[in-house]
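Report on the structure given below.
Just so it is clear, none of the values below were taken in a lab; they were calculated from the coordinates. A quick note: this is a predicted structure, and the numbers were derived from the prediction, not measured. For neighbour counting, all protein chains shown are included, and Cβ atoms are generated from backbone atoms with ideal geometry for every residue, glycine included.
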Amino acid sequence: MIALSLAEIAAVVGGQTYDIPDPSVQVTGPVVRDSREVEPGSLFVAFAGERVDGHDYASAVVEAGAAAVLASRPVGVPAIVVDDVQAALGALARHVVERLGATLVALTGSVGKTSSKDLLAQVLRSKAPTVFTPGSLNNEIGLPLTALSATDETRFLVLEMGARGIGHIRYLTGLTPPKIGLVLNVGTAHIGEFGGREQIAVAKGELVESLPADGTAVLNADDPLVRAMASRTKARVLLFGESADADVRAENVRLTEIGQPAFTLHTPSGCSDVTLRLYGEHHVSNALAAAAVAHELGMSADEIARALSEAGTLSRWRMEVTERPDGVTVVNDAYNANPESMRAALRALAAMAKGRRTWAVLGHMAELGDEGLAEHDAVGRLAVRLNVSKLVAVGGREASWLQLGAYNEGSWGEESVHVSDAQAAIDLLRSELRPGDVVLVKASRSVGLERVATALLDDSASSEGQVAGR
Ligand SMILES: Nc1ncnc2c1ncn2[C@@H]1O[C@H](COP(=O)(O)OP(=O)(O)O)[C@@H](O)[C@H]1O
Ligand SMILES: [Mg+2]
């Protein structure tokens, strides 16, 4: 964080100081909520959660070097006490970002936020110091904590914004007002909580409504609900996608022989060839989104293409490709799933096959509502059409739809099986995997299929496995 005195912080958050002998002491270290992350000069933010109360750690963090605690009651060590710790954290973030020289970029969407954010961060940091959301810390606490990790050197601050309802993005943009707002897509994630796709569009569009007239709304030209957000912003609009009228677009999109997407990137300043080190064609859209923002921030097509072609996976379980010493390749995409990314992952698997046996260990795709049966059926059928050697459908009713889809498409005998849970899948794979096989593991987050990938990788005890795509 930029250095601020305890007195200044107390004034910004409207708090009262307790047990602070010297209010001119400066907070220099990170602002953290986890006592294990405290460093000398830190500000520790004490949240009273259901299971853990941060206030209980006050003495320990000060002993570890924290300058003070932001708390909702006096704790016997230096503290700035406020009524509402979350509001105070937000106010502090707002104050700090206003003083930073960095350009703020915020992004949201139903899927691909973390993947796109990680790509964008890698492109921008090839140009200038960049601070970005670690992993998926995109809520009302993770966002201000990330913003507060920026320093005077930071040129670009990239923040992922998540929403589970109307008003959430508006709240986040109030804490860290972006200059550039990127909206990826309006899908079906959390559709139950929102009450329909139109409502999701209303919520995601709050990002572009927050932009200033001299800002830029970067919108997905291929998604009608996102494109329509152009009417909800004062900012200039820049479109990305595969649509012919997109300002930043991909042409000649293909998968390389190992399943990595390649395309020609077109931006208003030129064109350049990209081969991603990531797997699955859904990353083309994520890469174009990142490219559009990078273009807006002054990078040339060549600079963007080079950085995209070098970018790896920064967050776990998203098409993470690991080679076991015995030649079995494990593709762990167990972080989440939806119909589009299922199709992309299966196509990547097919591209990686090249004569090897392929396994698709797939589970339930959540939140599809009435479309659930048709979508699971379609994925099962696609696995057969792509010649996947073995489909292992894991879980309950939806898994049986997957397997039935494959069966109806002409898979017979042992080409597709339905097992009840992750352990059954692990047992089956342990007894049947052969050196050289390629295994894709993918389902919605709640299924927890990463257990299968982890078990398969643990089996190669010598663990000399090398992670591709990094
Ligand atoms: N552009 C995209 N379109 C469809 N699915 C995607 C896209 N990008 C990523 N995914 C899929 O969604 C899952 C979650 O990706 P992630 O980048 O973490 O999204 P988010 O942060 O929005 O939850 C990944 O495992 C991947 O399969
Ligand atoms: Mg995320």
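How big is the dipole moment of the chain about its Cα centre under a simple scheme where the beta carbon of each Lys and Arg is +1, that of each Asp and Glu is -1, and everything else is neutral? Debye, nearest 20, please. Could the numbers behind the result be given before it?
On the way: 42 positive and 58 negative charges, 141 e Å.
Charge dipole of the chain: 680 debye, to the nearest 20.
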Next item on the list: Between the alpha-carbon centers of segment 374-419 and segment 105-173, tell me the distance in whole angstrom.
Entry: 37 Å
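Let's test the formula: R0 of 41 Å, r as the Cβ-Cβ distance of Ser400 and Phe47. What FRET efficiency results, to the nearest 0.05? All intermediate terms of the calculation are to be shown ahead of the outcome.
Numbers: r = 42 Å, r/R0 = 1.03.
E between Ser400 and Phe47, to the nearest 0.05, is 0.45.
With charges set only on the Cβ (+1 for Lys and Arg, -1 for Asp and Glu), what does the dipole of segment 185-259 come to about its Cα centre, in debye to the nearest 20? Walk me through the numbers on the way to the answer.
Numbers: 8 positive and 12 negative charges, 33 e Å.
Dipole of segment 185-259, to the nearest 20 debye: 160 debye.
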Check: Between Leu124, Gly142, Leu219, whose Cα lies farthest towards the positive end of the dipole of segment 111-229 when Lys and Arg beta carbons carry +1 and Asp and Glu beta carbons carry -1, centred on the Cα centre?
Finding: Leu124
Check: For Ile166 and Arg73 in the same chain, what is the full-extension length gain: residue separation times 0.36 nm, less their Cα-Cα distance, in nm?
Finding: 30.3 nm
Next item on the list: Find, among the chymotrypsin sites (Phe, Trp or Tyr not before Pro) in segment 30-127, those assigned to loop by DSSP (not H, G, I, E, B) with at most 15 other beta-carbon atoms within 10 angstrom.
Entry: none
Item checked: Distance (nanometres) between label positions extended 7 Å along Cα→Cβ at Arg99 and Asp214 -> 2.2 nm
Checklist line | Tensor-based shape of segment 50-209 (alpha-carbon gyration tensor, a/c under 1.5 rounded, otherwise prolate or oblate) | finding: oblate
Notebook entry, point to check: What nm value, rounded to one decimal, do you get for the distance between Ala228 and Asn387 when each label is placed 7 Å out toward the C-beta?
Noted result: 4.2 nm
Next item on the list: May I ask for the longest run of the chain untouched by GluC sites (Glu not before Pro) that are loop-located per DSSP and have at most 14 neighbouring C-beta atoms (other than their own) within 10 Å?
Entry: 258-463
Checklist line | Dipole of segment 320-469, positive end: most advanced residue of Gly327, Ala422, Gln403 [Cβ charges, Cα centre] | finding: Gly327
Next item on the list: Report the antiparallel proportion of the DSSP beta bridges in segment 235-352 as a percent, rounded to a multiple of 5.
Entry: 90 percent
Notebook entry, point to check: Kirkwood Rh, Cα Rg: Rg to Rh for segment 1-144?
Noted result: 1.00
Next item on the list: May I ask which residue of Val208, Thr133, Val452 lies farthest towards the positive end of the charge dipole of the chain, with charges of +1 (Lys, Arg) and -1 (Asp, Glu) on Cβ and the Cα centre as origin?
Entry: Val208
Notebook entry, point to check: Counting only pairs 8 or more places apart or on different chains, how many lysine pairs in the chain have C-alpha atoms closer than 25 Å?
Noted result: 17
Notebook entry, point to check: By how many nm would the segment from Val253 to Ala424 grow when fully extended, if each residue of separation counts as 0.36 nm and the alpha-carbon distance is taken off?
Noted result: 57.8 nm
Notebook entry, point to check: For the chain, what does -39500 (n - 2.57) per DSSP helix run (n ≥ 4), summed and divided by total residues, give at 222 nm, in deg cm²/dmol to the nearest 500?
Noted result: -10500 deg cm²/dmol
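Label segment 92-142 by shape, choosing from rounded, prolate and oblate, from the square roots a ≥ b ≥ c of the eigenvalues of the Cα gyration tensor; if a/c is under 1.5 it is rounded, and otherwise prolate applies when a/b is larger than b/c, oblate when it is not. Each step should come with its number before you reach the end.
Values: a/c = 2.28, a/b = 1.17, b/c = 1.95.
Oblate.
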Check: In square nanometres, what is one fourth of the surface area of the convex hull spanned by the alpha carbons of segment 320-469?
Finding: 7.8 nm²
Next item on the list: Summarise the long-distance tail of P(r) for the chain by giving the % of C-alpha pairs beyond 44 Å.
Entry: 18 percent
